[in-house]
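See structure below.
The values are calculated or read from the model by the stated rules, or taken from the named source; none is laboratory data. Treat the numbers as computed from the prediction; the structure is a model and nothing was measured. All Cβ positions, glycine included, derive from the backbone under ideal geometry; neighbour counts span all protein chains shown.
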Amino acid sequence: MLQVSEELCIGCGLCEESCPFAAIAVVDGLAVVGDTCTLCGACVESCTPGALTIVLAEKSGATRLTDWSGVWVYAEFRKGELAPVSLELLGIGRQLADTRGVPLAALLIGAETGDAARQLIGHGADTVYLVEDPALALFREEPYAAVATAAIRRFRPEIVLAGATAIGRSFIPGVATLLDAGLTADCTALAIRAEDGALLQTRPAFGGNIMATIVCEESRPQMATVRPKVMKALVFDAQRQGEVVVLDTTAGQLASRVQVLESVVGQAAEVNIQEADILVSGGRGLESAEGFALLRRLAEVLGAKVSASRAVVDAGWIPYPHQVGQTGKTVAPKLYIACGISGAIQHVAGMQTAETIVAINRDPNATIFSVADYGIVGDLSEVIPKLIDKIEELRQR
Amino acid sequence: MKICVCIKQVPDAKEVRLDPVTNTLAREGVQSIMNPFDEHALEEAVRLRESVGGEVVAVSMGPPQAEAMLREAISCGADRAVLVSDRAFAGADTWATAYTLEHALRRIGDFDLILCGKQAIDGDTAQVGPGLATRFAIPYVACVQKIRHADATGLVVERMMDDGYDVVAVDYPVLLTVVKDINEPRVPSLKGKMKAKKETILHLNAADIGAEPAAIGLAGSPTRVVKVFPPEARGGRAMLSGTVDEQVAQLAERLRRYL
Ligand SMILES: Cc1cc2nc3c(=O)[nH]c(=O)nc-3n(C[C@H](O)[C@H](O)[C@H](O)COP(=O)(O)OP(=O)(O)OC[C@H]3O[C@@H](n4cnc5c(N)ncnc54)[C@H](O)[C@@H]3O)c2cc1C
Ligand SMILES: Nc1ncnc2c1ncn2[C@@H]1O[C@H](COP(=O)(O)O)[C@@H](O)[C@H]1O
């Protein structure tokens, strides 16, 4: 808890100003802590008289940190393919492992994984721990969590990373719970703290309005899920050497109370907007479901996928898996083209980490322009066909 | 059937902004709302009770102000509500939140079904639901977009995947986290509003639920926020100018590296 020393507090109000959560206020010349305090420590730093301290209760059975070493990446394998984010994680994982001077391993779970282990080694893994069984062909939380937990307990990596995908965000929290480990969701930056080698995990919070850096100081492993597309994969090196360690499973681990009756692949290539390099996104400015035909043509010339604002998903013009934003998906493509989208904060929360943002809107005051790198004020039914022509022209040259 | 819905009070995203100069959250009149995903969880719980019978209990861990949100939950169809509130819960991360909710739920009763939102929009972690189910050692299905079938013994649901969806069958007890697509939440009825006004909301503190002091709040949280800062401002903003053709030509030129 946050303690205020009545002797030292001079009621200056510096803490009140520094608090990101409006949780501390000076009342009758003394700082008073409110219920919204998250113990982030901003006030403690700001307090010149040194009247504030965060008091931690002792947690029993502290983990021996030195027992844990190495960096692990969960390699997501589904229906014969590795998720691209797994290779991206090996890229950042390699950096983290090299900084710490420890090996990098991938944990591959699935059935008939073919040359996936080779792929992982070629992309930077020193070791691949392979758990293969027909029972793991389809994703189910319990067996995936059980085999991952068993492997982590056995080999004790200090860091475990997974993609912030549907699968990663579903079973990794279960693994963290079984291990009593800290888990940071949907990170966009990872680094090693020089003083103590702790993993600095940075992620957006409050719909991207603030960034927070999080550490797990006392528990191991330090676990994080990482947003697809923000880390860079290493170039595949067929010569790279690595070891594949096959792990056994037990019947208990593979048992599940959830039965997958059917696995329906949508227009897969189209639906997974989080893995797209380019997104062409449509809003109410498209005026009708037919408006998406125009967007699909633009997407085609760009090799892009199509996404949308909530307004048009709610209108039934395009299914929910395409929705970007706070109550949809968070995307970080290289290029995001917003067409007829006003730029409501709930939408922007889901796309503001795109590398380049283009907005096409006929209202010059639309808020989307304030996050756009390039903006065109105009009617999209005029602008988009011209843009398609122009891009085709550039392509031919 | 006994159904529990976990709901969280969150600040309204429209109003949360970090002041770029002082690096603090702009706080003027930030409204609190029911986490949007939880509205869908609540609606689904009420629909299930309407079809298979039983009771819906809404549970929230939060400050005393969250009571207003729990009354809203009752007006939307929850039978009763429990507020789990204690200063010692402050600073809880998802581990400590799941721990606290687990102890609260054990105290409240045996549930066949626990419903959570996919994620809370303040932290966007999506970890409390899976964490809670794991603590109870019951199965869970995350990101449910549809309940296809429900009866007295179990459910058949569709769970959203990145490449489509899976149809899965599971028996009670089970925990589901739901996405927005699952339903359209109702507006409170007049009768519901009357009930919400009268209903007493049970308050439970750390001692009531038998929580270990070292496992709740900041002390029980393996993760710790060491820094908050504004996101990097996006640079190089350019409104293109000229005729539409000129603007399109400039844009296409600048997008060349993506072609
Ligand atoms: C709790 C909550 C959660 C939400 N979550 C999300 C979310 O996840 N994702 C999301 O997107 N929204 C979300 N919203 C909704 C959000 O607030 C906005 O209502 C929504 O994003 C608006 O969609 P839009 O931009 O398509 O429509 P509008 O706001 O109606 O904007 C349409 C735009 O198109 C322009 N336009 C119209 N015609 C043309 C034309 N012919 N040529 C060019 N431009 C044109 C207009 O100038 C306008 O700017 C959420 C809201 C709430 C309350
Ligand atoms: N303090 C809380 N009280 C009740 N339910 C919560 C609380 N925090 C999280 N939840 C539930 O867990 C879900 C996921 O939250 P989160 O893991 O914080 O993104 C929410 O949609 C709620 O259903």
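If we keep just the residues of segment A:335-346 that are within 11 Å of chain B (Cβ to nearest Cβ) and without any contact (Cβ under 8 Å) to a residue 60 or more places away in the chain, which is nearest to A:L298 (Cα to Cα)? Per the criteria, the residue is A:I337. Residue pairs whose Cβ atoms lie under 7 Å apart, sitting 6 or more positions apart in sequence or on different chains, and linking a residue in segment A:106-130 that is not assigned by TED's automatic domain parsing to the domain that holds A:Q239 to a partner that is modelled with pLDDT of 95 or more, do not occur here. Inside segment B:221-240, residues that are more than 7 Å from chain A (Cβ to nearest Cβ) and either touching a Lys or Arg at 6+ places or on another chain (Cβ under 6 Å) or small (G, A, S) (or both) make up a count of 3. Total residues in segment B:45-69 satisfying the condition of being among the acidic types (D, E) and over 19 Å from B:L105 (Cα atoms): the figure is 1.
Among the helices (runs of 4 or more DSSP H) confined wholly to segment B:1-115, which include 1 or more residues that are within 30 Å of A:C15 (Cβ to Cβ), modelled with pLDDT of 95 or more and not small (G, A, S)?
B:66-75, B:94-108
Within segment A:359-397, the set of residues being surrounded by fewer than 17 Cβ atoms within 10 Å (Cβ to Cβ), farther than 12 Å from B:L251 by Cα and at the interface with chain B (Cβ under 10 Å from one of its Cβ atoms) comprises A:P364, A:S370, A:D379, A:E382, A:P385, A:D389, A:E392, A:E393, A:R395. Of all residues in segment A:1-23, those that are facing chain B (nearest Cβ under 8 Å) and within 15 Å of A:T48 (Cβ to Cβ) have Cβ atoms under 8 Å from Cβ atoms of residues that are surrounded by fewer than 15 Cβ atoms within 10 Å (Cβ to Cβ) and among the acidic types (D, E), 6 or more apart or on another chain, in A:S18/A:E45. The set of residues in segment A:278-314 being of a type in the set (A, V, I, L, M), within 9 Å of ligand 1 (Cβ to nearest atom), surrounded by fewer than 24 Cβ atoms within 10 Å (Cβ to Cβ) and away from chain B (no Cβ under 12 Å) consists of A:A311 alone.
Could we say that A:Q201 is in contact with an Asp or Glu (Cβ under 8 Å, 6 or more places away or on another chain) and not hydrophobic (A, V, I, L, M, F, W, C) here? No; evaluated as a whole, the condition is false for this residue. For the structure I just gave you, tell me whether B:L155 is crowded, with 19+ Cβ neighbours inside 10 Å and out of contact with any Leu (no Cβ under 6 Å at 6 or more places or on another chain). Criteria met by B:L155. Among the residues of segment B:114-130, those that are out of contact with any Pro (no Cβ under 7 Å at 6 or more places or on another chain) and either more than 6 Å from ligand 2 (Cβ to nearest atom) or without any contact (Cβ under 8 Å) to a residue 24 or more places away in the chain (or both) comprise B:I114, B:L115, B:K118, B:D124.
The single condition from (1) more than 9 Å from every other protein chain (Cβ to nearest Cβ); (2) within 16 Å of ligand 2 (Cβ to nearest atom) that A:T330 fails is (1). For B:A81, the criteria (1) more than 14 Å from chain A (Cβ to nearest Cβ); (2) within 16 Å of ligand 1 (Cβ to nearest atom); (3) of a type in the set (A, V, I, L, M) hold in every case but one, which is (2). Only a single item in (1) closer than 27 Å to A:Q259 by Cβ; (2) within 12 Å of chain A (Cβ to nearest Cβ) is not met by B:F111, and it is number (2). When restricted to residues that are in a strand (DSSP E or B) and either more than 10 Å from chain A (Cβ to nearest Cβ) or modelled with pLDDT under 95 (or both), segment B:116-139 contains 1.
The condition of being touching a residue at least 24 places away in the same chain (Cβ under 8 Å), closer than 25 Å to B:A92 by Cβ and more than 10 Å from every other protein chain (Cβ to nearest Cβ) holds for only one of A:A162, A:A135, that being A:A162.
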